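A.B. asks: Below are the structure tokens for one structure; questions will follow.
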């Protein structure tokens, strides 16, 4: 089976982890034992058929039998990581969570403070217990002064567990929405779980929250620690961004803090990135950086891969927003696209993991494209039907809608029908699962 998978061509390469290797060895050993035993009782032709079917039939028994071993290995590594953290008492620990924006905020925070502090952040999307464990055991050194830890959650209890694991003094909640509604069951569960990032901070800790988000703004925090608020629309925020402007060069905006105003520029695009930068600015001030230093660092923040990243591909201008699209971010991406030159094109398979609201939210996504995109390329006929419905209901010109069967067909269409003067927004990842 593994050899067969290795021959297939996927957008993302198959990765065989250490755990999978252990399971393969166990499965092969189990199959070999059963074949040896069966040789005494079964004729050769029947034995041959059994040998072919065994790998498929033994997958679930293998998973069940190896589960205790995998649990013990996981706990051993995790306990080792806890000891490393406990042994570095001077380490400043920052926890970051949110339905959207946590990875971007993690990168932004690290870019702002890294010249002032020797900083380690969890790489890529290492936001699970094992991902954080690997980061601590393999990358955290005694010389590090700040550990910026992204914390992910797709079910009740995840943030509670990670907060108990890492025990940060500073906590950031970027946003709360309907992401992972399938596994959380209700928005109330999502809100409560994400806000554990603030509620589990120590009494001398500091929480940073984006109060433009209605779920965060309306939540009654059960903690006496200090809370610092940020926002764009919220006039009562401690840090408020105003006069935001976008161009192909990035963004510029003003931040008002205690009635004082500071001008900022950044290569990053989108209001949500400005909101994330606000959280980074607030944390940096709290950690002792002066505003002149912060302004300079914000101007040099690196573009974040696959998050409204402006790039050139084969001479064409792309806005790469391919990482895990969500209802809030997708609208902001379309707002950015609407300000670009030439024909404005969006390529998308739509949004996923939105529970019972998925079709409704994708339909709204389609309707929002009106007057913000000139041409829509949908990837996957079945997957994108709600978007198509939203486009039609909004009055979008159907001649400017193209439905492609797969990713390769979509890119071929773009290269054939548009020019290097146009701008193409890639909204959400384009995995093989959408090629339907």
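Nothing in this text is a laboratory measurement; each read-out follows from the coordinates by a stated rule. Because the structure is a prediction, the values reported are computed rather than measured. Cβ atoms come from the backbone with ideal geometry, glycine included; neighbour counts cover every protein chain shown.
A.B. asks: Hey, what's the per residue convex hull volume over the C-alpha atoms of segment 36-119, in cubic angstrom? Present the calculation step by step, with values, prior to reporting the outcome.
C.D. replies: Working: hull volume 16.2 nm³, N = 84.
Output value, Cα hull per residue: 193 Å³.
A.B. asks: Tell me, what is the percent relative contact order of the chain, built from C-alpha pairs under 8 Å that lie six or more residues apart? Present the calculation step by step, with values, prior to reporting the outcome.
C.D. replies: Details: 784 pairs, mean separation 51.3, N = 436.
Normalised by residue count, the contact order of the chain is 12 percent.
A.B. asks: Stokes-Einstein diffusion coefficient for segment 73-179 at 20 °C in a medium of 1.002 mPa s, Rh from the Kirkwood formula over Cα pairs: what value in µm²/s?
C.D. replies: Numbers: Rh = 13.8 Å.
For the chosen part, D equals 155 µm²/s.
A.B. asks: Step by step: find N for segment 206-303, compute 2.2 N^0.38 Å, then divide the Cα radius of gyration by it. What's the final number?
C.D. replies: On the way: Rg = 13.3 Å, N = 98, 2.2 N^0.38 = 12.6 Å.
Dividing the Cα Rg of segment 206-303 by 2.2 N^0.38 Å gives 1.06.
A.B. asks: Residue separation times 0.36 nm, minus the C-alpha to C-alpha distance between residue 75 and residue 25: what's the value?
C.D. replies: Values: separation 50, 0.36 × 50 = 18.00 nm, distance 2.16 nm.
That works out to 15.8 nm of additional length.
A.B. asks: Based on the alpha carbons, how large is the Rg to Rh ratio for the chain when Rh follows Kirkwood?
C.D. replies: Details: Rg = 24.6 Å, Rh = 24.0 Å.
Rounded to two decimals, Rg/Rh equals 1.02.
A.B. asks: Another one. Expressed as a rounded percentage, what relative contact order does segment 143-225 have, with Cα pairs under 8 Å and six or more residues apart? Numbers along the way, then the final one.
C.D. replies: Working: 108 pairs, mean separation 26.5, N = 83.
Relative contact order for segment 143-225 comes out at 32 percent.
A.B. asks: Over all alpha-carbon pairs of segment 89-299, lay out the pair-distance distribution in 5 Å bins, whole %, shortest bin first.
C.D. replies: P(r) for segment 89-299, in whole percents per bin: 1, 7, 16, 20, 21, 16, 11, 5, 1, 0.
A.B. asks: Right, here's the next one. For a protection proxy built on the mean count of beta-carbon atoms within 10 angstrom, sort 218-228, 341-351, 237-247 highest first, please.
C.D. replies: So the peptides 218-228, 341-351, 237-247, ranked by packing, come out 341-351, 237-247, 218-228.
A.B. asks: Continuing with the same structure: Using the Cα atoms as the points, what is the convex hull volume per residue of segment 309-434 in Å³? Before the final figure, lay out each step's value.
C.D. replies: Values: hull volume 11.7 nm³, N = 126.
Enclosed volume per residue, from the Cα hull, is 92 Å³.
A.B. asks: So how do 302-315, 280-293, 39-52 stack up, highest first, on mean other-Cβ count within 10 Å?
C.D. replies: On the way: 302-315: 15.7, 280-293: 18.0, 39-52: 10.1.
The most tightly packed comes first, giving 280-293, 302-315, 39-52.
A.B. asks: Then there is this: With just the Cα atoms of segment 222-364, tell me how far they stretch along each of the three principal axes, in Å, largest first.
C.D. replies: Result for segment 222-364: principal-axis Cα extents of 43, 41, 22 Å.
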